[in-house]
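Structure first, commentary second.
The values are calculated or read from the model by the stated rules, or taken from the named source; none is laboratory data. Everything numeric in this text was worked out from a predicted model, so none of it was measured. Positions of Cβ are generated from backbone atoms using ideal geometry, with glycine treated the same way; all protein chains shown enter the neighbour counts. Remember, those area values only see protein heavy atoms, side chains included, never the ligands or the DNA or RNA. Shrake-Rupley method; radii C 1.70, N 1.55, O 1.52, S 1.80 Å.
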Amino acid sequence: MQCALHSYRDSDAIGIATMNANKRYPHLFEPLDLGFTQIKNRIVMGSMHTGLEDLEDTEAQAVYFAERARAGVGMIITGGTCINQQSLVVGGEHEVFDSAADVPRHRKVTDRVRSAAPDCKLCLQILHAGSLARTPDLVAPSAIKSPISPLTPREMTEEDIESTINDFVNTACLAREAGYAGVEVIGSAGYLISTFLVAQTNQREDRWGGSYGNRMRFPLTVMRRIREAVGADFIVMYRIAAMDMLQGGSSREELITLAQALEQIGVDIISCHFTWHQSSVPTIATRVPRAAFTRVTATIRDEINIPMITSNRINMPAVAEQVLAQGHADLVSMGRPFLADPEFVQKAMAGREDEINTCIACNQACLDHGMMGQRVSCLVNPRACYELELNFKPIIHAKRIAVVGAGPAGLAFAVTAAERGNTVTLFEASSEIGGHFNLAKRIPGKEEFHETIRYYSRQLELQAVDLRLNHWVSADELVDGGWDEIVVATGVAARTPDIDGIEHPMVMSYVEAILGERTIGKRVAIVGAGGIGFDVAELVSHKGVSASLDIDVFAREWGIDFSNHPRGGVTGVEPVIERADREIYLLQRKPTSMGRSLGKTTGWAHKLSLKRKGVHMINAVEYQRIDDAGLSVLIAGETVTLDVDTVIICAGQKSNQTLFEALQGRVPGLHLIGGADVALEIDAKHAIRQGCELAAAI
Ligand code: FAD
Ligand code: NAP
Ligand code: SF4
């Protein structure tokens with residue numbers, strides 16, 4: 001009886017939440033009818049390789065997907081799964097799904113998702129890496145090396161082509177057997193299928209090359225045979241390179257022709273990908289405006305009658321709703337936002353958008369990890385892909401905990417410890433929370449960092465953390481406080497290097513420069529080219545509207561023509577270079593190339609953007625002196641005086657440990673986290689993870 005009442009209340013609550021969500025997001029929460037099945041809302045968790053696929057035991061993957069499914073995602077697409085050994089992107093053993101023996105591993109995942117949310121459609125992405133494969137016998141339509149691969153593929157024979165098509169079909173059938181609701185075949189990114197479509201990578205003279213009709217033959221045959229083999233009641237999707245960002249890439253007319261042909265052979269949904277991996281246009285980094293590419297999807301959608309999924313830099317429900325309301329697509333795919341917050345959909349439905357832990361598109365713990373062969377996670381949510389290892393269980397005996405410092409480390413600890421049931425007081429010396437993130441968010445292109453501070457601000461309220469702003473806490477005060485635990489998260493302070501003339505009035509710290517506390521002149525030297533040096537260079541070289549806030553400015557800066565869609569979206573379009581109004585020198589002592597410490601997947605764009613603005617990047621310098629003549633440095637044994645009127649110091653950090661040292665031996669349960677613990681190479685990813693891990697353990 002009690003159970004019945006509970007379930008009545010639950011379903012009633014869900015019903016009300018859905019009604020309200022439908023009012024707020026009428027497009028996002030509208031079901032999509034595919035005829036043989038229905039997708040309950042328009043929200044797709046897009047394909048992301050996480051590294052969990054490589055584990056022998058699929059338990060971690062099952063739990064990871066089930067959490068997202070339970071929280072209301074309409075459709076989930078797995079990371080790319082290869083069809084045979086030859087198709088592997090990296091040497092991961094378990095990413096290949098080519099045998100019935102693999103079905104039980106996959107069943108574990110599909111069963112778990114189904115029991116978490118019977119109406120969530122879990123689909124398998126199918127992949128052949130082609131010329132981007134890392135196997136000795138890699139194949140492609142023509143023997144043309146990808147600029148981002150060290151290996152040259154061999155040209156596929158007719159037999160290769162036939163057997164590869166069979167392998168695609170085989171994996172699709174196995175997916176059905178394993179309980180997936182459908183498959184998405186990736187026809188983009190520079191992987192095998194896409195290289196058949198583009199003339200520069202397909203120079204065959206047989207029926208698989210030449211005219212566009214011939215170049216389409218491979219993808220269309222794959223899709224037609226999959227459709228025939230899996231039957232009509234299984235979702236079949238094709239991922240199209242809707243704008244491949246290649247000079248001489250696909251034209252809009254070709255893409256429409258392909259999309260119409262896919263529709264005719266019975267593909268259910270076309271999902272959009274933008275760019276090939278080799279392109280030098282950023283498409284998902286934080287410097288890309290939100291939903292910048294969805295308009296491209298619209299140009300194809302207008303010409304076909306099957307639903308389209310769009311994607312890229314859609315990270316909040318209102319953005320997704322707007323994309324759908326504008327008619328750009330039928331479904332919205334988000335990947336990283338589901339790493340950042342598995343409960344994204346649930347929170348949107350319940351009108352709790354301010355509780356969403358927003359993906360800030362930094363790529364630091366997701367794509368950068370993937371690139372380095374590490375397990376993917378998330379800077380703002382270190383539990384992502386660690387669902388089995390990192391859990392925040394309710395505590396039995398609540399503790400009184402003092403946390404000092406409301407930077408990322410202190411915030412992560414405070415809200416997590418409070419969520420577990422502890423009584424937490426958070427002391428912050430300044431008038432706002434966020435620590436160094438308050439500087440980061442002021443850098444053009446890093447506006448998303450505001451969201452993390454907004455998220456923590458709301459969590460502090462929800463978890464009833466006692467926040468004491470403008471409170472510089474002393475050791476004596478803490479000793480007298482009778483705390484069960486004290487967590488010192490006092491962060492980092494800028495290092496002042498020992499350079500002759502460092503006291504000169506033209507010298508300022510990065511903090512002063514970013515906060516605008518001092519006037520920055522027209523000729524600037526930046527001492528130190530780590531993450532902060534590069535960010536300061538971005539700030540001082542910037543003028544006008546931030547490209548990350550304006551799609552037209554972004555398009556001009558990167559040479560994209562969204563309205564006319566020349567081949568690849570970029571052919572013949574020159575980036576409009578806005579040179580900085582200042583003469584800027586970005587300096588480092590190391591002889592290594594500049595920007596090495598930047599993110600693997602974002603650093604190249606940062607560097608390229610600064611180069612285009614005319615920032616001089618000089619490595620292997622030795623600082624000699626700062627005086628009225630400027631900054632003198634030794635370069636290749638010769639003294640060069642840079643005629644600058646401003647020197648901004650970005651020479652790294654040192655830990656603020658004074659408080660910790662003063663507390664040692666005087667209180668029980670003393671902990672040190674974040675930059676206060678380790679300053680060298682500390683970043684928010686480490687700071688937040690350390691805060692969460694301590695909160696889980698305390
Ligand atoms: P902090 O952020 O330094 O916070 C410490 C807090 O403690 C401060 O708010 C301080 O006021 C407070 N405090 C200190 N002493 C006391 C006391 N006695 N009583 C009360 N309060 C006290 N990292 C990334 O991962 N990715 C990026 O893209 C990135 N970009 C950046 C861009 C810029 C311009 C800057 C400056 C930093 C950037 N960082 C980035 C670095 C990142 O911000 C830091 O690694 C992170 O903030 C460190 O977190 P923390 O909590 O350890 O310390
Ligand atoms: P950093 O990355 O360690 O860079 C410090 C720079 O200062 C280096 O270029 C270093 O190079 C130079 N330096 C060090 N000691 C010096 C000295 N005594 N005199 C002169 N130069 C010196 O530190 P940061 O730039 O302060 O960044 C702090 C943290 O925030 C880092 O972990 C960084 O990753 C993170 N962050 C990340 C991003 C991002 O986009 N991902 C952005 C900003 C910050 P040389 O020794 O060769 O001169
Ligand atoms: Fe988003 Fe950064 Fe998290 Fe990746 S690491 S999911 S980009 S917030």
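Rolling a 1.4 angstrom probe over the protein heavy atoms with all chains in place gives the range 355-402 an accessible area of 43 Å² per residue.
As a fraction of the 1.4 Å probe accessible area of the range 141-220, surface on carbon and sulfur atoms comes out at 51 percent. Pairs spanning more than 21 Å between alpha-carbon atoms, out of Lys522/Lys613; Lys347/Lys600; Lys347/Lys685; Lys446/Lys600; Lys347/Lys399: Lys347/Lys600; Lys347/Lys685; Lys347/Lys399.
Relative to the longest principal axis of the Cα atoms of the chain, the long axis of helix 217-230 lies at roughly 80 degrees.
The listed peptides 129-136, 670-677, 211-218, ordered by packing as a protection proxy, come out as 670-677, 129-136, 211-218 (highest mean of other Cβ atoms within 10 Å first).
When the GluC sites (Glu not before Pro) in the range 479-515 are filtered for DSSP coil states and for at most 13 other beta-carbon atoms within 10 Å of their beta-carbon, the remaining sites are Glu503. For Arg24, neighbours were defined as the other residues whose beta-carbon sits under 15 Å from its Cβ, and their charges (Lys and Arg +1, Asp and Glu -1) total -1. In the context of the full set of protein chains, the range 589-698 has a per residue accessible area of 48 Å² (1.4 Å probe). Our Cα-only numbers for the range 121-175 put the radius of gyration and Dmax at 12.8, 38 Å. Can you give the translational diffusion coefficient of the range 561-659 in µm²/s, computed by Stokes-Einstein from the Kirkwood radius over Cα pairs at 10 °C and 1.306 mPa s? Translational diffusion coefficient: 96 µm²/s. Straight Cα distances below 14 angstrom link Lys607 to the aspartates and glutamates Asp535, Glu538, Glu557, with same-chain residues fewer than 8 positions distant left out. Both radii were evaluated on the Cα set of the range 9-168; the Rg over Rh quotient, with Rh as the Kirkwood radius, amounts to 1.08. Placing a pseudo-label 7 Å from each Cα along the Cα-to-Cβ vector at Val103 and Leu680 gives an inter-label distance of 5.4 nm. Heavy atoms of the protein chains alone define the surface here; on that basis the range 16-142 has 35 Å² accessible area per residue at 1.4 Å probe size.
One equal scatterer on each Cα of the chain, no solvent, Debye formula: the resulting log10 I(q)/I(0) at q = 0.09 Å⁻¹ is -0.85.
The equivalent ellipsoid of the range 507-602 has semi-axes of 30, 17, 12 Å, largest first, where each one is the square root of 5 times an eigenvalue of the Cα gyration tensor.
A simple count of charges around Gly210, restricted to other residues whose Cβ falls under 11 Å of its Cβ and scoring Lys, Arg +1 and Asp, Glu -1, yields +2.
Please list, in order along the range 30-38, the HN-Hα scalar couplings obtained from phi with the Karplus expression 6.51 cos²θ - 1.76 cosθ + 1.60 (θ = phi - 60°), rounded to whole Hz, x for Gly and Pro. Along the range 30-38, the couplings run 8, x, 10, 8, 9, x, 7, 7, 10 Hz. Dividing the alpha-carbon radius of gyration of the range 98-237 by the rule-of-thumb value 2.2 N^0.38 Å gives 1.13.
May I ask for the net charge around Gln264, where only other residues with Cβ less than 12 Å from the Cβ of Gln264 are counted and Lys, Arg are +1 while Asp, Glu are -1?
With Lys, Arg at +1 and Asp, Glu at -1, the net is +1.
Computed from Cα positions, the angle between helix 59-70 and the longest principal axis of the chain comes to roughly 90 degrees. Working note: Karplus 6.51/-1.76/1.60 with θ = phi - 60° gives the range 183-196 the couplings 9, 10, 9, 8, x, 9, 6, x, 7, 3, 4, 5, 6, 5 Hz, where Gly and Pro are set to x.
Here the range 608-672 is treated as a sphere whose radius is the Kirkwood value from Cα pairs; by Stokes-Einstein at 25 °C and 0.890 mPa s it diffuses with a coefficient of 155 µm²/s. Taking a straight Cα-Cα cut-off under 14 Å and skipping sequence neighbours fewer than 8 places away in the same chain, the aspartates and glutamates within cross-link reach of Lys23 are Glu321.
Surface composition of the range 337-426: carbon and sulfur make up 54 percent of the accessible area, probe 1.4 Å. Sequentially through the range 478-495, phi angles give Karplus couplings (6.51, -1.76, 1.60; θ = phi - 60°) of 6, 4, 6, x, x, 6, 6, 9, 10, 10, 9, 10, 7, x, 10, 10, 4, 7 Hz, Gly and Pro residues having no value and appearing as x.
Computed across the range 502-550, the Kirkwood radius stands at 11.9 Å (inverse of mean 1/r, all Cα pairs). Translational diffusion of the range 361-428 was estimated from the Stokes-Einstein equation, with Rh taken as the Kirkwood radius over Cα pairs; at 20 °C and 1.002 mPa s the coefficient is 158 µm²/s.
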